[in-house]
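Encoded as structure tokens, the structure appears first; notes follow it.
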Amino acid sequence: MSTVFVVTPIVVAHWPVITAAITAAVSSMGYAIARDGVEAVRRVSTTETNRTEIEVENSEILSDSAGTSEEMVVEKDGIKATFSRDARGQLRVCMEGKGYSKSELKRIGEELIGRVTQQYVYHRVVTELKQRQMAIVHEEVAADRTVRIRVRNS
């Protein structure tokens, strides 16, 4: 007997869990974490750059003792992506880049968000399977980045 289920991503987590998903997803796409975070964004903002902000739907970053000032900056090919938690707890991504149109930045940002969301959901599913003592028999990532996980109930 087999069952197929499709996971609809709802991102609800504390900032450290989100940063782990961001780190895993963006590193596989060739992005590097900016060492000086906010300062890197300020340097880019002083030149002629385009900027767009994208709110991640169905997300809630639970507040930690650090408040709402959490953010993580990644960069690649002159594009800076700043992941942050807004005042309502929503995950936001601010895309900035010189020589890129707003629509290009939005497309790149949405691809980043998709990968981060996929990484978060994959981690949650695998963690939940292990907690329920289910064995992963086979994993497959298709060309369209669809993930298939075959499990056995022990």
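The values are calculated or read from the model by the stated rules, or taken from the named source; none is laboratory data. What you are looking at is a predicted structure, and each value in this text was computed from that prediction instead of being measured. As a convention, Cβ positions derive from the backbone with ideal geometry for all residues, glycine included, and neighbour counts pool all protein chains shown. With ligands, DNA and RNA removed, areas are computed over all heavy atoms of the protein, side chains included. Shrake-Rupley method; radii C 1.70, N 1.55, O 1.52, S 1.80 Å.
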So which lysines pass the test for K76, namely a Cα distance under 29 Å, with those fewer than 8 places away in the same chain ruled out?
K98, K102, K106
Distance in nm between E48 and S27 label points, each 7 Å along Cα→Cβ, equals 3.8 nm
If the chain between A142 and S101 were fully extended at 0.36 nm per residue, the gain over the current Cα-Cα distance would be 11.7 nm
Computed over the stretch 55-154, protein heavy atoms only, probe 1.4 angstrom, the accessible area per residue in square angstrom equals 61 Å²
V126-H14 FRET efficiency (beta carbon distance; Förster radius 25 Å; 0.05 resolution)
0.85
For the stretch 88-154, with all protein chains present and a 1.4 Å probe, just round the carbon and sulfur fraction of the accessible area to a whole percent.
46 percent
Roughly speaking, what % of Cα-Cα pairs in the stretch 86-154 are separated by over 17 Å, rounded to a whole number?
59 percent
